[in-house]
Amino acid sequence: MRIAVVGLGKLGAPLAALLASHGHDVVGADNSPDVVALLNDGRTPIDEPGLAALVHDHRGRLTATTDTAAAVAEADMSFVVVPTPSASDGTFSNRFVVDAVTAIGRGLRGGSRYHVVVITSTVMPLSTEREITPALEAASGRRVGGDIGLCYNPEFIALGSVLHDMTHPDLVLIGESDARAGRMLEALQRTFIPAGAEVRRMAWVNAEIAKIAVNTFVTTKISYANMLAELCERLPGGDVDVVTTAIGVDKRIGHKYLRGAVGYGGPCFPRDNAALAAAARQAGAHADIAAATDAINSRQVERVATIVKAHATPGRERIGILGLSYKPDTPVVEESQGVQLANRLIEEGFAVTAFDPAAMEGASALLAAPVARAESLAECVEASDLLVLMVAWPAFGNLSEVLRSGGQRRRRTVIDCWRQLSPENLDGVADLVYPGRSPAGQADQISR
């Protein structure tokens, strides 16, 4: 199949490479000449595990252009993977999607070959019907649901594991204009997902609601676990890991995402939660759970800052922040809890040094000027009296070795928000604090 992918960013470039690796001829379209040049040279425009090798190995089937209309003119299917920025009211703007489908429509105008346009960008409910369809029909001169198909097919992925998540989905969601378009898209998806993967096809509006509902439900579990963590910190003997491990056994609850740690961040979770609340307001409905989830999440930086202040004094101890990306294995810093904590502690009068294995460049513009930027884990440790492990990067698993190495041998406090380190490994070099446990719970766990 010949496929066009419009938008070669964090999701578009991996999707284009994945399709090429499964034998499809793929033309990527992007407004950036630099991105186009990189792909045409067999190089990746973004940092994502496994993508560079995939682009290099399948460059014979993957080309790129800045001309969207030309990219889709001979294609059987086109994917729109462009940003949908959040507005101040929490809704998503469709301006880039409309621009993309207008360009696609120009490429299809005058032709008669059946073509399916697939919207992968996350959009608000009713967007496909009220904005995208009219734009595509006006530009193409063709009728959606007749001689042209239109599907909504958002991805459920996390940056840092995009390729794995695309090929191992829990759910493939397809909103379809008609059965022919849905069948064609499902057949394509089944060329690279497991045979037993769940594919759900439905009307556009239900798929649009389902997409943001999934992420909102996940954020609710995260905030619920963090609510329990704060409760456990304040009750003698409380331990959030004991509680969540127990209640997660109940099949109605499950363990996934039920871990009291730090708040959620990134480019999807915070804004999808806000979008569901906005969609409810616009429809005259209520989304109180989404609002409560967001409120709990907004308190998590202050919660960790309070734990820091219980173990350090401004003007005396320097604080080291380990982790500035929103999660491991990505340089993305949108809504980063580590960045927010560093800036909050600066406001409290602490001296702060920060380090991340991949996100220093991206975080630099977001960090308050007084935050010192370490170039290595060892440099951050050396500069700090108290360390806060905010992101569970694998590289931080050897913190005990760094603490024991030459020049590092003074006792520190380590606040391990993800319980990545063990008391045994830090014995003699650091006092370990696990958020989510009361002081009595800390002592009980460490003495076991």
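Some points to look at:
Residue-wise test of (1) over 26 Å from the mean Cα position of the chain (by Cα); (2) at pLDDT below 95; (3) surrounded by 15 or more Cβ atoms within 10 Å (Cβ to Cβ).
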position: Leu228; (1), (2), (3): no, no, yes
position: Cys232; (1), (2), (3): yes, no, yes
position: Asp239; (1), (2), (3): yes, no, yes
position: Asp250; (1), (2), (3): yes, no, no
position: Ile253; (1), (2), (3): no, no, no
position: Leu258; (1), (2), (3): no, no, yes
position: Tyr264; (1), (2), (3): no, no, yes
position: Ala274; (1), (2), (3): no, yes, yes
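- Residues that are among the small types (Gly, Ala, Ser) and either touching a Cys at 6+ places or on another chain (Cβ under 8 Å) or part of a helix (DSSP H, G or I) (or both), drawn from region 70-83: Ala70, Ala71
- Considering region 84-119, the residues that are touching a helix residue (DSSP H, G or I) at 6+ places or on another chain (Cβ under 7 Å) and assigned to a loop (DSSP other than H, G, I, E, B) include one that is nearest to Ala69 (Cα to Cα), namely Arg109.
- Among the residues here, Ala158 qualifies as within 27 Å of Glu334 (Cα to Cα), aliphatic (A, V, I, L, M) and under 22 Å from the mean Cα position of the chain (by Cα).
- Of residues in region 250-282 being in a helix (DSSP H, G or I) and touching a Gly at 6+ places or on another chain (Cβ under 7 Å), the one nearest to Trp418 (Cα to Cα): Ala274
- Test: residue in region 105-117 that is among the aromatic types (Phe, Trp, Tyr), under 20 Å from Glu155 (Cα atoms), in the same structural domain as Arg143 (by TED's automatic domain parsing) and in contact with a strand residue (DSSP E or B) (Cβ under 9 Å, 6 or more places away or on another chain): no
- Among (1) assigned to a loop (DSSP other than H, G, I, E, B); (2) within 28 Å of Glu334 (Cβ to Cβ); (3) without any contact (Cβ under 8 Å) to a residue 60 or more places away in the chain; (4) of a type outside the set (Phe, Trp, Tyr), the one test that Pro49 misses: (3)
- Any chance Lys211 is touching a residue at least 12 places away in the same chain (Cβ under 8 Å), under 17 Å from Ile157 (Cβ atoms) and assigned to a helix (DSSP H, G or I): yes
- Checking Thr216, Thr244 one by one, the residue that is under 21 Å from Gly90 (Cβ atoms), touching a helix residue (DSSP H, G or I) at 6+ places or on another chain (Cβ under 8 Å), part of a helix (DSSP H, G or I) and touching a residue at least 12 places away in the same chain (Cβ under 8 Å) is Thr216 and no other.
- Any pair with Cβ under 9 angstrom, 6 or more apart, that starts in region 362-389 at a residue that is in the same structural domain as Cys417 (by TED's automatic domain parsing) and part of a helix (DSSP H, G or I) and ends at one that is of a type in the set (Asp, Glu) and crowded, with 21+ Cβ neighbours inside 10 Å: Gly362/Asp356; Ala363/Asp356
- In region 95-120, the residues that are small (Gly, Ala, Ser) and at pLDDT 95 or above form Cβ pairs under 6 Å with partners that are surrounded by fewer than 22 Cβ atoms within 10 Å (Cβ to Cβ) and outside any loop (DSSP other than H, G, I, E, B), at six or more places apart or across chains, as follows: Ala103/Ala69; Gly105/Ala139; Gly107/Ala69.
- Filter pass, Asn31 being at pLDDT 95 or above, buried (at least 21 other Cβ atoms within 10 Å of the Cβ) and on the phi < 0 side of the Ramachandran plot: no
The values are calculated or read from the model by the stated rules, or taken from the named source; none is laboratory data. On a predicted model such as this, the values are computed, not experimentally measured, just so you know. Cβ atoms come from the backbone with ideal geometry, glycine included; neighbour counts cover every protein chain shown.
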